[in-house]
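First comes the structure, then the notes that go with it.
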Amino acid sequence: MNKTIKVKDSWKKNAQFTKENFDTLYQQSIKDPEVFWATQAERLLWKKKWTKVKNTSFTGDVHIEWFCNGKLNVSENCIDRHLKTQPNQPAFIWEPDSPKKSHQVITYQKLHDEVCKFANGLKSLGVKKGDRVTLYLPMIPEAVYSMLACARIGAIHSVVFAGFSPESLSNRILDCDSRFIITADEGLRGGKTIPLKANVDMALKTCPNVQSVVVVKHTKSSLIPTTEKDVDYNNLTSKQASLCQPEVMDSEDPLFILYTSGSTGKPKGVLHTTGGYLTYASLTHETVFNYKPNEIYWCTADIGWVTGHSYVVYGPLSNGATSILFEGVPHYPDYSRHWEIVDKHKVNIYYTAPTAIRALMQQGERPVKKHSRESLRILGSVGEPINPEAWEWYYKTVGDERCPIVDTWWQTETGGILITPIPGINDLKPGSATKPFFGIEPAILDSATGKELFGESQGILCLKGSWPGQMRTVYKNHSRFVETYFSQYKGLYFTGDGCKRDADGDYWITGRVDDVLNVSGHRMGTAEVESALIEHPAVCESAVVGFPHPIKGEGIYAYVTLTEGFSGSDQLKNELLETVKNSIGAIAKPDFIQWAPALPKTRSGKIMRRILRKIAHGEMDSIGDVSTLADPKVVDDLIANRKKT
C-alpha cells in the first residue's frame, strides 16, 4: 500500500514549524550539532551551564556524554519551575481501572508536595544519591511520585513492569544490586487483581540485600502478609515535610536503569543519564505531538516501559503539560473505555500502540462511534511498525480523517523518538515512520556487504551520530554495550531493525533483524508478510515467524486472528495465500497458517514471538516462562491448534 495523505490546511494552522524552517533546523542539527543542541538545552533550568556540548565516539573507546559538567535536577525541572506560573494546573488526571470510581486531579502543587514528602521518606530509610531503587507498581499516582522522588534525591530508579514474574523481578533487583523496593499490596487491571506484594515477597527469597520494601495500600486488602522489611507508604509520607531540596546532579549522573526483555539471554540494564535525556524527551514531546499549553495529552503506555518514562512522565512534565494517567485497559468494562475517557476529559492528543489499535479494530466501529472524540487533534502510534490497514482504520474511524497520525519509531536504548512525521509538515503514508527527527542521521546498509545504500533501498538501519537521549551503557557491562550496538558496523549505532527507504526519502521499519526471514535466499521482514495478510478483511491480526524448512531453508509460519464474523476454512486459507502473493509475491506465501483466537501478549500488549517460534518449531515442551502473559491460557490453545494443523 503506497497511499499518501497530503498535509491538510487545518494541520498547517496549528503547526509549530513550516516545512522550510523545520528543514533548515534539521540541517543545522546534522551539520552543526553543538550549536543546535546548545540552543535546545536552554529549554531546561540549569544550576550550572555545561562546559562542552558533546563528547561522543562510536569507535574505539565508545563513550557518549552530553552537556558536559552541566548541573541540574530532573525533578526540579519537571515540577518546581512550573509552580510560579501554574501551581493549580493539573499535571495528571488519574483514571482508575473501574469507571465506577472517581478520577483524581493532581495539580503541579500537589505533585510537588507528594514528591517532596516521599523523597524525604526515602532519605529517612537511608536512600542516598546513587542508590538503586526498584519500582514494581501499577499505574497509580504513587508510581509517578516514586520516580520523581528518586530523581529529586539523586537515587537511580529501576522500574520493573508490574506484569513481570517474581523471577524476572528478582533478576533485575540482583543485577543492579537494589536495596530498596517500592510496590503496592495489589494492582488492578481489567477488573482483576495482580498480587504485587506477594510477587515481591517471593522474589526477595533470592535477594538477601534488600533492606526495605515500601508498600502502597492500593486495594487495602487485609489478606496481604507483612514482613519485617515492610514500610507502609502512607505512614512514611505522612510524617514528612512537603519541602525537599533537590539534589544537584551532573548532566551525566544516572537517572534510571530500564531492563530490556529477557526473552533472549540475560536482560540488559539500559542506563540513561540526566541532562541529555531530559533535553531530548522534552524537545521530542513538544515537537512530535505539537503540544500546546493547556491541552490534554494521553500516552497510554505503562511506566514499566520506556514510553511511559519519556512520554508519560519526563517529557510532558518538563513541558508543563496535563496528562491522563490510566490504570486500566482499553476493553474494560467494554471496548468504548478509551473513547469514554477521551470525551470525559476532552483529550487532544492520543498516543497508543498498534496492538491496542488492532484489538479495538477487531470490534468494529460501533464502540468508537458511541463517543464523539471531537476534542482529538493528533493521534500517535508507538511500539512496533503499524500495518497500513490498522493505520487507515485509526485515521478514519478514530480520527474521522481530521487528525494527523505520528507513527513514531524509537527504542528503549534511544530514550526518545528518532523517526516520525511532524504534524502539519509531512505528508503521511500508512505504515511509514516518514522522516528522521532533529539530530538523527539514518544509514541503510546492505545486509550482505555492510556497505551504505543510497536513495531508494532496503537493508539494515544504523545511525551515524549520537543524540542527547541516547543510552550511555549497559549497567555494569560496558563491553556488552559496545558488542551489542557498535561492533557490527564500524562508527555506526546498530539499531537491530530492518528498514526500507522509498523514492521520497521516507523510512519504513520492516521489523527486527532477527525477525527477518530468509526464504530460498530471499530476505523479507515478518512485518511485511503480516501487513499483507491483514489486507484481507477477514484478518484482524497476524504474527509471522520462521521455521526450519527442508527445501527453502526457512519457511513462513503465520498465526492469524480473524475478525469477528469470520471463521477459518481451507477456502479462506487459499484466499490469504493469494492476498500475500498479490501483495509481495509468491515467495512470501506462508507455508502454514494457523488460526489463533488470540496471540500470546504481555500485559503491555507486546506479542511474545519467542513462544510463537517454539510452537512453530514443534518445541512445545520447552515453551518456558509464560507468567508475564496477560492470558497464559492462550499458549495452551495455540499448542492444541498446532497439533491439529
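The values are calculated or read from the model by the stated rules, or taken from the named source; none is laboratory data. Values in this document were obtained by computation on a predicted structure and should not be read as measured data. Virtual Cβ from ideal backbone geometry, glycine too; neighbours counted across all protein chains shown.
Table for the structure above
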{"read-out": "Scan of the range 160-179 for residues that are in contact with a strand residue (DSSP E or B) (Cβ under 6 Å, 6 or more places away or on another chain), in a loop (DSSP other than H, G, I, E, B) and of a type in the set (A, V, I, L, M, F, W, C), ordered by number", "value": "Val160, Ala162, Cys176"}
{"read-out": "Residue within the range 128-146 that is over 18 Å from the mean Cα position of the chain (by Cα), in the same structural domain as Ile79 (by TED's automatic domain parsing), among the aliphatic types (A, V, I, L, M) and assigned to a helix (DSSP H, G or I) present", "value": "no"}
{"read-out": "Test result for Ile615, at pLDDT 90 or above and in contact with a helix residue (DSSP H, G or I) (Cβ under 8 Å, 6 or more places away or on another chain)", "value": "yes"}
{"read-out": "Failed item in (1) surrounded by 14 or more Cβ atoms within 10 Å (Cβ to Cβ); (2) over 30 Å from Tyr485 (Cα atoms), with Gln245 passing the rest", "value": "(1)"}
{"read-out": "All positions within the range 565-596 that are hydroxyl-bearing (Ser, Thr, Tyr), out of contact with any His (no Cβ under 6 Å at 6 or more places or on another chain) and surrounded by 16 or more Cβ atoms within 10 Å (Cβ to Cβ)", "value": "Ser583"}
{"read-out": "Meets criteria (touching a Cys at 6+ places or on another chain (Cβ under 6 Å) and at pLDDT 95 or above) for Asn55", "value": "yes"}
{"read-out": "Every pair of residues 6+ apart whose Cβ atoms lie under 9 Å, when the first sits in the range 567-591 and is modelled with pLDDT under 95 while the second is among the acidic types (Asp, Glu) and not in a helix (DSSP H, G or I)", "value": "Thr579/Glu535; Val580/Glu535; Asn582/Glu535; Ser583/Glu535"}
{"read-out": "Output for the range 281-307, where each listed residue is within 26 Å of Lys606 (Cβ to Cβ) and either of a type in the set (Phe, Trp, Tyr) or without any contact (Cβ under 8 Å) to a residue 12 or more places away in the chain (or both)", "value": "Phe289, Tyr297, Trp298, Trp305"}
{"read-out": "Residue that is farthest from Leu122 (Cα to Cα), among those in the range 191-222 that are part of a loop (DSSP other than H, G, I, E, B) and β-branched (Val, Ile, Thr)", "value": "Thr219"}
{"read-out": "Top-ranked residue in the range 440-460 [being polar (S, T, N, Q) and not in a strand (DSSP E or B); ranked as modelled with the highest pLDDT]", "value": "Thr449"}
{"read-out": "Verdict on Asp637 being within 30 Å of the chain's Cα centre (by Cα) and assigned to a loop (DSSP other than H, G, I, E, B)", "value": "no"}
{"read-out": "The lone exception for Ile417 - which of (1) surrounded by fewer than 24 Cβ atoms within 10 Å (Cβ to Cβ); (2) outside any helix (DSSP H, G or I) it fails", "value": "(1)"}
{"read-out": "Lys552 being free of Cβ contacts under 8 Å to residues at least 60 places away in the same chain and in contact with a Ser or Thr (Cβ under 9 Å, 6 or more places away or on another chain)", "value": "yes"}
{"read-out": "Answer residue from the range 491-510, given it is in contact with a Ser or Thr (Cβ under 6 Å, 6 or more places away or on another chain) and part of a loop (DSSP other than H, G, I, E, B) and is nearest to Ser432 (Cα to Cα) among those", "value": "Asp506"}
{"read-out": "First in the range 95-118 and farther than 13 Å from Glu76 by Cα, second anywhere and buried (at least 21 other Cβ atoms within 10 Å of the Cβ) and of a type in the set (A, V, I, L, M), Cβ under 6 Å, 6 or more apart", "value": "Glu95/Ile341; Asp97/Leu188; Ile106/Ala91; Phe118/Ala149"}
{"read-out": "Residue match in the range 381-392 (condition: among the charged types (D, E, K, R) and assigned to a strand (DSSP E or B))", "value": "no"}
{"read-out": "Residue within the range 25-35 that is free of Cβ contacts under 8 Å to residues at least 60 places away in the same chain and closer than 15 Å to Lys435 by Cα present", "value": "yes"}
{"read-out": "Enumeration of residues in the range 522-564 that are crowded, with 23+ Cβ neighbours inside 10 Å and of a type in the set (Phe, Trp, Tyr)", "value": "Tyr557, Tyr559"}
{"read-out": "For Val513: the one exception among (1) over 21 Å from Ser432 (Cβ atoms); (2) surrounded by fewer than 24 Cβ atoms within 10 Å (Cβ to Cβ)", "value": "(1)"}
{"read-out": "Residue, nearest to Ser75 (Cα to Cα), within the range 151-198, restricted to residues that are touching a Phe, Trp or Tyr at 6+ places or on another chain (Cβ under 9 Å) and polar (S, T, N, Q)", "value": "Ser158"}
{"read-out": "Filter result for the condition that a residue is modelled with pLDDT under 95, more than 23 Å from Asn235 (Cβ to Cβ) and either surrounded by fewer than 21 Cβ atoms within 10 Å (Cβ to Cβ) or in contact with a helix residue (DSSP H, G or I) (Cβ under 7 Å, 6 or more places away or on another chain) (or both), over Ser98, Ser102, Ser165, Ser158", "value": "Ser165"}
{"read-out": "Exclusive hit being of a type outside the set (Val, Ile, Thr) and either part of a strand (DSSP E or B) or in contact with a Pro (Cβ under 7 Å, 6 or more places away or on another chain) (or both), set Ala543, Ala532", "value": "Ala543"}
{"read-out": "One residue from Ala588, Ala558, Ala538 being more than 30 Å from Glu483 (Cα to Cα) and in contact with a Pro (Cβ under 6 Å, 6 or more places away or on another chain)", "value": "Ala558"}
{"read-out": "Members of the range 177-189 that are at pLDDT 95 or above and surrounded by fewer than 21 Cβ atoms within 10 Å (Cβ to Cβ)", "value": "Asp177, Arg179"}
{"read-out": "Flag for Leu599 being of a type in the set (A, V, I, L, M), crowded, with 20+ Cβ neighbours inside 10 Å and part of a loop (DSSP other than H, G, I, E, B)", "value": "yes"}
